[in-house]
Amino acid sequence: MTGWLGVQEWQAVALSLKVSLWATALSLPLGILIAYALARWQFRGKQVLNGLVHLPLILPPVVTGYLLLLTFGRRGPVGAWLEEVFGLVLAFRWTGAVLAASIMAFPLMVRAIRLAIEAVDPRLEQAAATLGASRPWVFATVTLPLILPGLIAGALLAFAKAMGEFGATITFVSNIPGQTQTLPSAIYTFLQVPGGEASALRLVLVSVAVAMAALVASELLARRAARRVAGA
Amino acid sequence: MSLAVDIAQPLGRFDLAVAFEAPGGITALFGRSGTGKTTVINAVAGLLRPRTGRIAICGETLLDTAAGIDLPAHRRRLGYVFQDGRLFPHLSVRQNLTFGARFAPRGAKGPSLEEVCDLLGIDDLLERRPGALSGGEHQRVAIGRALLSRPRMLLMDEPLAALDAPRKEEILPHLERLRDHTAIPILYVSHSVAEVARLATYVVVLESGRVARAGPAERVLSDPATVRQLGLREAGSILPASVARHHDDGLTELDVTGGRLFLPRMDRPEGTQTRVRVLAHDVILARERPAGLSALNILPGVVLTIREGSGPGVIVQMQCGEDRLLARITRRSAEAMKLAPGVRVHAVIKSVSIARTDVGAG
């Protein structure tokens with residue numbers, strides 16, 4: 001693979017895969033929680049939370065990236081605190097790319113999972129409660145298995161969105177080859193230099209391949225999960 | 001083992017205010033649709049919190065709005081069989097059945113998986129998925145699932161209402177076995193007089209959110225005052241009976257307290273306790289014991305009350321031995337026969353009326 005791709009190209013592909021996997025994995029628990037809250041709970045500020053979650057979908061990505069920089073930059077309130085307490089620096093690091101990708105992909109993930117939760121018949125959850133299952137048990141044994149297809153779809157959407165994230169990432173963590181240069185940033189860079197079209201084209205092919213593979217994998221997983229849920 | 005309910009809850013059309021006690025056996029919560037039956041059973045289950053009230057089982061308080069007690073559904077230990085079954089579609093029948101076992105307290109007594117499968121005839125379904133079950137199988141598994149959660153009581157909300165007649169017939173014997181072979185009390189919501197007459201040991205009649213009548217099934221069903229709630233067509237009484245003898249001509253002789261009855265052959269050993277249902281419109285009255293009549297089943301009795309309705313008919317309640325029988329006759333006949341409380345009569349029961357399907361095996 002490295003023989004076909006140049007070093008810089010390979011680094012961009014590997015980084016994008018790493019960033020997207022981490023972004024998907026880290027935002028999944030919070031995504032499930034918020035999707036559940038939006039689908040099932042009545043509370044004050046529900047519309048505000050809903051708006052906040054969807055904001056990155058509507059804002060220009062550059063604006064999101066700049067807001068991240070203001071908040072999570074080394075001099076930003078959260079960024080300074082993270083560095084002081086945990087020694088964690090996000091700005092201009094690959095970890096920052098994970099944060100940017102997570103936030104940009106979050107609305108898509110929450111949306112898919114929320115739809116799946118809303119499709120679960122609450123009467124099944126009631127039935128589980130009458131059989132002695134407490135709320136967490138009901139979630140683990142009934143709700144979670146039933147939303148698995150939606151969960152897989154949401155995770156795939158988030159992964160695909162993270163793979164393609166460009167604006168917020170380049171604003172927040174810049175475009176440093178080998179460190180923060182993701183696949184879209186690399187394609188953009190190659191298109192800016194003379195003779196870079198061949199590299200850009202190779203990365204485009206990789207993008208298409210990764211997207212197709214993810215799509216097929218999630219389709220298979222979701223179909224298997226849906227068959228289980230259908231109970232046939 | 002008894003359940004005590006006293007709750008109030010505003011509903012759309014009326015304010016529900018229901019108080020009753022359910023002893024052991026099967027207590028039927030009977031009423032037409034929209035009388036608040038499901039609200040009551042959901043309040044007992046903990047799925048609905050009534051505005052005010054108390055619910056206690058065996059002295060343990062499940063709900064007491066005045067004292068701020070409201071045990072969540074999962075800690076009430078009441079097995080609920082829903083009208084629509086509600087099996088978990090992502091689990092096999094076996095996994096559905098054993099779902100509640102892990103939440104039951106250690107040492108809670110109850111039938112084993114084998115016993116439940118045997119009782120409900122579901123051994124062959126264990127590895128299937130709920131989606132591959134028929135309606136009747138689905139409901140039997142739902143009953144088994146509730147039983148295996150080791151509940152203190154079973155709640156059943158119209159468990160047969162969604163099934164056609166043959167499927168109902170498939171499940172009713174299992175419910176009878178449940179009543180007769182396990183000690184677990186059941187609160188059974190139904191709008192079907194036939195089901196109530198066959199299953200219930202105690203009946204609570206609801207009307208517009210109030211308890212209209214409550215008492216042992218034989219008493220409530222053979223009370224002329226209940227006829228309005230039951231509907232004229234379904235009015236009738238149930239008589240406890242025991243199988244006395246099987247005759248060679250294909251008839252089975254049953255002893256009731258007021259005499260004996262002959263039915264088409266029952267597949268029950270002699271000595272078996274059972275109950276028969278006699279519909280009011282299937283009873284003819286006579287002042288003298290009729291002779292030269294093809295009817296086999298004639299019980300002597302004494303008129304207790306005569307209840308007049310708005311139409312041309314009256315409902316006559318009579319004492320036959322220790323049981324009460326209802327007869328629906330015309331007012332004209334009642335006047336011609338000079339019927340009045342204390343008058344001795346003979347009840348001619350058209351033998352077709354004691355249909356096999358109306359006989360509850362006990």
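Eigenvalues of the Cα gyration tensor times 5, then square-rooted: what semi-axes does that give for the protein assembly as shown, in whole angstrom, largest first?
The answer is 71, 25, 19 Å, longest axis first.
Using the charge dipole of segment B:209-270 (Lys, Arg: +1 at Cβ; Asp, Glu: -1 at Cβ; taken about the Cα centre), state which of B:Gln229, B:Met266, B:Gly250 has its Cα farthest towards the positive end.
B:Gln229
Checking the a/c ratio against 1.5 first, then a/b against b/c, what shape does the Cα gyration tensor give for segment A:176-224?
Because a/c hits 1.5 or more and a/b exceeds b/c, segment A:176-224 counts as prolate.
How do B:Glu127, B:Glu195 stack up against each other in accessible area, from largest to smallest, with a 1.4 angstrom probe?
These residues rank, largest area first, as B:Glu127, B:Glu195.
Please check: in the Gaussian network model of chain B (C-alpha springs, under 10 Å), which one of B:Leu160, B:Leu293, B:Leu97 has the largest mean-square fluctuation.
B:Leu293
Given a Förster distance of 56 Å, report the FRET efficiency between B:Thr257 and B:Thr61 from their Cβ-Cβ distance, rounded to the nearest 0.05.
0.90
Compute, for segment A:7-230, the length of the dipole vector about the Cα centre, with Cβ point charges of +1 (Lys, Arg) and -1 (Asp, Glu) only. Units Debye, rounded to 20. Spell out each step's value before the answer.
Values: 17 positive and 9 negative charges, 113 e Å.
In debye, rounded to 20, segment A:7-230 gives about 540.
Once the Cβ-Cβ distance between A:Leu215 and B:Asp118 is put in as r, and R0 is 35 Å, what FRET efficiency do you end up with, to the nearest 0.05?
Computed FRET efficiency for A:Leu215 and B:Asp118: 0.10.
Work out the length of the dipole vector of the protein assembly as shown about its Cα centre, built from +1 on the beta-carbon of each Lys and Arg and -1 on the beta-carbon of each Asp and Glu, and round it to the nearest 20 debye.
840 debye
Counting only other residues whose beta carbon sits under 14 Å from that of A:Ala101, what net charge do I get with K and R as +1, D and E as -1?
Details: positive: A:Lys18, A:Arg93, A:Lys161; negative: A:Glu165.
Net of charged neighbours comes to +2.
In the Gaussian network model of chain A, springs joining C-alpha atoms below 10 Å, which of A:Leu59, A:Leu131, A:Leu156 carries the largest mean-square fluctuation?
Ranking A:Leu59, A:Leu131, A:Leu156 by mean-square fluctuation puts A:Leu131 first.
Residues of segment B:91-132 losing 20 Å² or more of accessible surface, assembly versus chain alone, probe 1.4 Å, please list them.
Correct list: B:Phe99, B:Arg102, B:Phe103, B:Arg129, B:Gly131.
Counting Lys +1, Arg +1, Asp -1, Glu -1, what net charge surrounds A:Ala128 among other residues with beta carbon under 12 Å of its beta carbon?
Net of charged neighbours comes to +3.
How many Å² of accessible surface get buried when A and B come together, counting both sides, probe radius 1.4 Å, rounded to the nearest 100?
Buried surface at the A/B interface: approximately 2000 Å².
Would you jot down the residues in segment A:97-131 that end up with at least 40 Å² less accessible area in the complete protein assembly than in the chain alone, with a 1.4 Å probe?
Those residues are A:Arg123, A:Leu124, A:Gln126, A:Ala127, A:Thr130, A:Leu131.
What's the magnitude of the charge dipole for chain B around its Cα centre, counting Lys and Arg as +1 and Asp and Glu as -1 at the beta-carbon? Answer in Debye, nearest 20.
Values: 47 positive and 39 negative charges, 161 e Å.
Dipole size: approximately 780 debye.
Given a cut-off of under 8 Å on Cα pairs at least six residues apart, what relative contact order in percent is computed for segment A:110-232?
For segment A:110-232, the relative contact order is 27 percent.
Leaving ligands, DNA and RNA out of it, report the carbon-plus-sulfur percent of the accessible area of the protein assembly as shown at a 1.4 Å probe.
58 percent
Would you mind working out the accessible area per residue for segment A:41-155, using a 1.4 Å probe, and quoting it in Å²?
51 Å²
Which aspartates and glutamates have a Cα less than 17 Å from the Cα of A:Lys18, not counting those fewer than 8 places away in the same chain?
Straight-distance partners of A:Lys18: A:Glu9, A:Glu165.
May I ask you to give the solvent-accessible area per residue for segment B:3-221, in square angstrom, as obtained with a 1.4 angstrom probe?
Spelled out: the 1.4 Å probe surface of segment B:3-221, per residue, equals 38 Å².
How much net charge surrounds A:Val89 when only other residues with a Cβ under 12 Å from its Cβ are counted (Lys, Arg +1; Asp, Glu -1)?
Overall, the nearby charge balance is +1.
Which of the listed residues, B:Gly121, B:Thr98, B:Gly131, is farthest toward the dipole's positive end in segment B:68-134, when Lys, Arg count +1 and Asp, Glu count -1 at the beta-carbon?
Ranked along the dipole, the leading option is B:Thr98.
Relative contact order (percent) for chain B, with alpha-carbon contacts under 8 angstrom and 6 or more residues of separation? Walk me through the numbers on the way to the answer.
Numbers: 793 pairs, mean separation 57.4, N = 362.
Relative CO of chain B lands at 16 percent.
From the backbone phi of segment B:38-47, what are the Karplus-calculated ³J(HN,Hα) couplings (6.51 cos²θ - 1.76 cosθ + 1.60, θ = phi - 60°) in whole Hz, Gly and Pro given as x?
For segment B:38-47, the Karplus curve yields 5, 4, 5, 5, 5, 5, 5, 6, x, 8 Hz.
Going by the alpha-carbon gyration tensor, a ≥ b ≥ c the square roots of its eigenvalues, is chain B rounded (a/c under 1.5) or, if a/c is not under 1.5, prolate (a/b greater than b/c) versus oblate?
Numbers: a/c = 2.40, a/b = 1.50, b/c = 1.61.
Verdict is oblate for chain B.
The values are calculated or read from the model by the stated rules, or taken from the named source; none is laboratory data. Predicted model, so just to flag it, every value in this text is computed and none were measured. In this analysis, Cβ positions are derived from the backbone assuming ideal geometry, glycine residues included, and neighbour counts consider all displayed protein chains. Note: accessible area is taken over every heavy atom of the protein model, side chains too, but ligands, DNA and RNA are not part of it. Shrake-Rupley method; radii C 1.70, N 1.55, O 1.52, S 1.80 Å.
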